[in-house]
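As structure tokens, the structure follows; a few thoughts come after it.
The values are calculated or read from the model by the stated rules, or taken from the named source; none is laboratory data. Note that this is a predicted model, so its numbers are computed, not measured. With ideal geometry, Cβ positions are generated from the backbone for all residues, glycine too; neighbour counts draw on all protein chains shown. Only protein heavy atoms, including side chains, enter the accessible area calculation; ligands, DNA and RNA are left aside. Shrake-Rupley method; radii C 1.70, N 1.55, O 1.52, S 1.80 Å.
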Amino acid sequence: DVKVTQSSRYLVKRTGEKVFLECVQDMDHENMFWYRQDPGLGLRLIYFSYDVKMKEKGDIPEGYSVSREKKERFSLILESASTNQTSMYLCASSSASGSSYNSPLHFGNGTRLTVT
Amino acid sequence: DQQVKQNSPSLSVQEGRISILNCDYTNSMFDYFLWYKKYPAEGPTFLISISSIKDKNEDGRFTVFLNKSAKHLSLHIVPSQPGDSAVYFCAARPEGSTLGRLYFGRGTQLTVWP
């Protein structure tokens with residue numbers, strides 16, 4: 001069974017702090033994603049990565065960066081946290097291989113970040 | 001611009017009845033569609049999917065219908081159970097994409113009452 005683990009369930013940070021959200025998957029998936037979920041707005045893609053050291057901007061990358069130094073780990077970085085980044089952050093992974101072409105995204109349980 | 005739309009933010013259904021959740025999309029290059037279910041304080045979990053070459057896929061109580069000409073899909077849950085109460089997200093993937101990037105709707109909160 002695929003497991004996507006997010007290191008923190010809840011985080012409270014102050015405005016201006018640098019924040020790191022960590023995500024690890026155990027299925028050797030090539031693709032990894034960071035979404036945020038806000039009421040009424042659904043899931044919005046922040047960044048994704050299809051290989052080690054590769055990254056692509058999603059729909060709302062402003063104020064965020066990412067790091068993928070190892071295949072299993074994908075980190076989301078808030079360079080200077082702001083109150084409008086208070087949200088639920090969801091990490092996901094999927095396989096890109098031919099036999100798993102239709103592999104769905106597998107999500108972690110999310111990190112609820114509050115910026116005060 | 002929202003490429004996947006769920007126009008009903010909420011749906012309330014009595015236990016045992018049918019729940020029908022709707023989803024519309026604008027991009028004709030989408031070739032694979034998925035439904036996810038999300039409980040509070042948990043990540044979304046995959047529920048059911050359908051390829052654009054089909055018009056129906058069934059898995060137990062869950063059936064997804066795809067109408068390509070109308071760019072519309074729906075999820076039917078029969079019979080509905082209280083444990084089905086959750087937010088349901090419709091998602092779509094562009095044709096030929098191996099990157100796994102999905103476009104999500106805003107979700108529909110389903111409440112099944114006894």
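Taking chain A as a Gaussian network of alpha-carbon nodes connected by springs under 10 Å, the highest mean-square fluctuation of the residues A:Val24, A:Val66, A:Val52 belongs to A:Val52. The listed residues A:Lys13, B:Lys5, once ranked by accessible area (1.4 Å probe) with the largest placed first, stand as B:Lys5, A:Lys13. Amide H to amide H, with H built 1.01 Å from N, B:Ser85 comes under 5 Å of B:Val112, counting only residues 5 or more places away or on other chains.
Across the stretch B:27-33, coupling constants 3J(HN,Hα) worked out from phi with the 6.51/-1.76/1.60 Karplus curve, θ = phi - 60°, read 8, 6, 8, 5, 10, 8, 10 Hz, and Gly and Pro carry x. Note on chain B: semi-axes of the ellipsoid equivalent to its C-alpha gyration tensor, largest first and rounded to whole Å, are 23, 15, 13. When only alpha carbons are used to place a centre, the stretch B:14-46 and the stretch A:1-32 end up 24 Å from one another.
The heavy atoms of A:Lys55 offer some 110 square angstrom of accessible surface to a 1.4 angstrom probe.
Mind scanning B:Lys5/B:Lys68; A:Lys70/B:Lys37; A:Lys71/B:Lys37; A:Lys3/A:Lys71; A:Lys55/B:Lys5; B:Lys5/B:Lys37 and naming the pairs with a C-alpha gap bigger than 21 Å? Walk me through the intermediate numbers first.
Working: B:Lys5/B:Lys68 15 Å; A:Lys70/B:Lys37 29 Å; A:Lys71/B:Lys37 27 Å; A:Lys3/A:Lys71 14 Å; A:Lys55/B:Lys5 27 Å; B:Lys5/B:Lys37 16 Å.
Exceeds cut-off: A:Lys70/B:Lys37; A:Lys71/B:Lys37; A:Lys55/B:Lys5.
Residues of the stretch B:33-70 that become at least 50 Å² less accessible with every protein chain present than in their own chain isolated, using 1.4 Å: which are they? The answer is B:Ala41, B:Pro44.
Projecting the Cα atoms of B:Cys23, B:Pro44, B:Pro82 onto the dipole axis of chain B, where Lys and Arg carry +1 and Asp and Glu carry -1 at the beta carbon, places B:Cys23 farthest toward the positive end. Rounded to the nearest 10 square angstrom, B:Glu58 shows an accessible area of 120 square angstrom against a 1.4 Å probe.
The phi torsions of the stretch A:43-55, fed into the Karplus equation with coefficients 6.51, -1.76 and 1.60 and a -60° offset, translate into couplings of 9, 10, 7, 8, 8, 9, 9, 10, 5, 4, 6, 9, 8 Hz, rounded to whole numbers, with Gly and Pro shown as x. What chain A shows is 48 Å² of accessible area per residue, with the surface traced by a 1.4 Å probe over protein heavy atoms. Take each residue in A:35-42, count the other chain C-beta atoms within 10 Å of its C-beta, and the mean is 5.
Per-residue accessible area (protein heavy atoms, 1.4 Å probe) orders B:Phe62, B:Phe30 as B:Phe62, B:Phe30, starting from the largest.
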